[in-house]
1. Provide the net charge surrounding N100, with neighbours chosen by a C-beta distance below 12 Å and charges set as Lys +1, Arg +1, Asp -1, Glu -1.
2. Count charges around Y35 for me, please; just the other residues with Cβ under 14 Å from its Cβ, Lys/Arg as +1, Asp/Glu as -1.
3. With unit charges on the beta carbon (Lys/Arg positive, Asp/Glu negative), name the residue among S244, Y15, G181 whose Cα is farthest towards the positive pole of the charge dipole of the chain.
4. Which Cα, out of L415, G298, P288, lies furthest along the positive dipole direction of the chain (beta carbon charges, K/R +1, D/E -1)?
5. Mind listing the long-range amide H neighbours of C62? Cut-off is under 5 Å, sequence gap 5 or more, other chains count too, H placed in the peptide plane at 1.01 Å from N.
6. Round to the nearest 10 and report in Å² the accessible area of E363, as given by a 1.4 Å probe over the protein chains' heavy atoms.
7. In the chain, which helices (entire DSSP H runs) extend 24 Å or more along their own long axis, judged by Cα positions, while averaging at least 0.0 on the Kyte-Doolittle scale?
8. Probe of 1.4 angstrom, ligands and nucleic acids ignored: what's the accessible area per residue over the chain, in square angstrom?
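The values are calculated or read from the model by the stated rules, or taken from the named source; none is laboratory data. What you are looking at is a predicted structure, and each value in this text was computed from that prediction instead of being measured. Note that each Cβ is placed from the backbone with ideal geometry, even for glycine, and that neighbours are counted across all protein chains shown. In case anyone asks, the SASA skips ligands and DNA or RNA and just uses the protein heavy atoms, side chains included. Shrake-Rupley method; radii C 1.70, N 1.55, O 1.52, S 1.80 Å.
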Amino acid sequence: MRILEGLKPEKVFYYFEEISAIPRGSGKTDEIRDYCADFAKARGLEYVIDDAGNIIIFKPACGKEGEPVIIQGHLDMVWEKDETCRIDFEKDGLELFVENGYIGAKGTTLGADDGIAVAMCLALLDSDDIVHPPLEIVFTADEEVGMTGATGLDCSVLKGKRMINLDSEEDGVMWVSCAGGVRADVSLDIEFAENKLDCFEISVSGLHGGHSGAEIHNGYANANKVLGKVLSALYKKADYALCSINGGAMDNAITRDSKCVVASDSDVCGIINEISDAIAEEYKKADPDIKISASPCGKTEKLMSSVSSKNVIALLNDLPSGVIAMSKDIEGFVETSLNLGVLKTAGNAVSYSFAVRSGVDAERDKLCDSLKEIAQKYCAKISFRTPYPAWEFKDGSELQEIMKKIYFDINGKELVVTGIHAGLECGMFCGKIKGLDCVSLGPEMHGIHTPKERLSIESCEKLWHFLLAVLKTI
């Protein structure tokens, strides 16, 4: 029996469960793309796969001729799991469950970001009784690692000038602008020496985590930054050397867990117990389950030199992470931020990887210049990759007006129209398709990019009926 059997809309949840069984992390989307291609073939639908790994499926009009409508989502999901979870993301499907009106996955991210978009589009493509104009369904690859699919997308095959992106997560909210961004990687060379001291593992765990754009304003602690504070406090009470330091798996997920191994002849466990409560207290309002601990561990062959250890920790503390500036135009809206999502020791270097975002491209570049200055202070290397533009608000959008009216007619209340600090692929599409009228919708979700990710069943049904009404009208 299917876990989601009987949930409405039935066909949407049928396909959501289907694709939840397919490994589809960023950079690993071949299998889900092949599934979509086979789906199109079986129904005699034209499709195109490009060199960037995107797939576009075309469906003729059903009961309503007119200009094509582009509907878009992304194939990949963020792979994050609890430490106790034994799922192998590259081989295993997700273990779905239903609880209190929400869908989740046991011990892992759910991938409703953006699997629910894929499921809704497949349900549309599989229908023969839904009224709609010609559809151009675009599934992009690797959105979560810098929108590389959208960057490489050849839009010349698309004829539509109206686009509905299904990569939002707020019920009753339509997003019409978003931040632009870039990935930043700082790399610090380190020197190792032979280790003759006892080793201890220090960990920061139990943090909320979350999406580094959509949830950055909530003030959730970043485990990498907390660990930097712990290590600075430890230096005041003991001599030690770092052996390794690692935290986070994705630069666009607020880091939930971070750990390091130190070598010392001091009572590291006792000192960490002394200082942990005071440090944890700073974050307990947003992260009540924060845990800072230390335990003895096996000896390592090497440790970082004293200079390298201190530089790694000083750089970690100097590098910013979190909200940098609030919008001057929209009250309570984040304008510029960055997230230190991945901290990694590999070879003879420690790397610090960021997702940098801003609704103003000039402010994004200014923040990148600040990172350069900090990196130069420590003789560290810095590089930038996969930049994407901000999606600017389009005044006089016909699509927005139509959708606001339809939403009010269905629900008896206004559709909230706003922007989001997270990056969306809409900006990429608007830069490629002249005159594109674009909006973004999605059902209610919580905890995306974390194992706490949940998808509202009721909200999916509401969005589905709204989407069908829009397609019947435009």
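1. Details: positive: R454; negative: E99, E458.
So the environment of N100 carries a net charge of -1.
2. On the way: positive: R24, K28, R33, K41, R43; negative: E17, E18, D30, E31, D34, D38, D76, D126.
Combined, the nearby Lys, Arg, Asp and Glu give -3.
3. S244
4. The listed residue farthest towards the positive side: G298.
5. H132
6. 60
7. Working: long enough: 361-377 (25 Å, -1.16); 457-473 (25 Å, 0.62).
Qualifying helices: 457-473.
8. Details: 19530 Å² over 474 residues.
Solvent-accessible surface per residue comes out at 41 Å².
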